[in-house]
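The values are calculated or read from the model by the stated rules, or taken from the named source; none is laboratory data. Keep in mind that what you see is a predicted model, and the values were worked out from it rather than measured. So basically every Cβ, Gly included, is an ideal-geometry build from the backbone, and we count neighbours across all protein chains shown. Side chains included, ligands, DNA and RNA excluded: accessible areas come from the protein's heavy atoms. Shrake-Rupley method; radii C 1.70, N 1.55, O 1.52, S 1.80 Å.
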Amino acid sequence: AAARLSGTENRLVSLPLSRIRVIMKSSPEVSSINQDALFLTAKATELFVQYLATYSYKHGRGKEKNALTYTDLSHTAEECETFQFLADILPKKILASKYLKMLEKEKRDGEVREDDDEGEEEEDEDEA
């Protein structure tokens, strides 16, 4: 009966259960995985991805182009509170030149702050 049940479960989810098992086992806290837990994790993941895609399509420019784009997904991750935990995984696309300029600006700002800190330390020594 268990073999028949797992065959039925495989048809109820689109994601490969073997891959999900590998991902789940990669966690050091997981020692064994119940077949039901595996199936439920796969189904929950599938439903989450479906919800993310549907939400992104409806609230993005996908309707105009009749397609879901990476930009729609990254915009959803940035703007929707529910999906903000994905912002690091789905960052907005920017040109490499813009990114390099941002890094350069951050580096300059960091140097200015370090100089300010040194000035404050000198003032503290004068007061003592």
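A few points about this structure:
- Within region 79-91, residues that are open to solvent by 100 Å² or more (accessible area, probe 1.4 Å) have Cβ atoms under 9 Å from residues that are not hydrophobic (A, V, I, L, M, F, W, C) in these pairs: Glu79/His59, counting only partners at least 6 apart in sequence or on another chain.
Listed here are the residues, each with its yes/no results for (1) of a type outside the set (A, V, I, L, M); (2) open to solvent by 80 Å² or more (accessible area, probe 1.4 Å); (3) at pLDDT 90 or above; (4) at negative phi.
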position	(1), (2), (3), (4)
Phe39	yes, no, yes, yes
Leu47	no, yes, yes, yes
Tyr57	yes, no, yes, yes
Ala67	no, no, no, yes
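- Region 14-37, subset assigned to a helix (DSSP H, G or I) and β-branched (Val, Ile, Thr), residue most open to solvent (accessible area, probe 1.4 Å): Ile23
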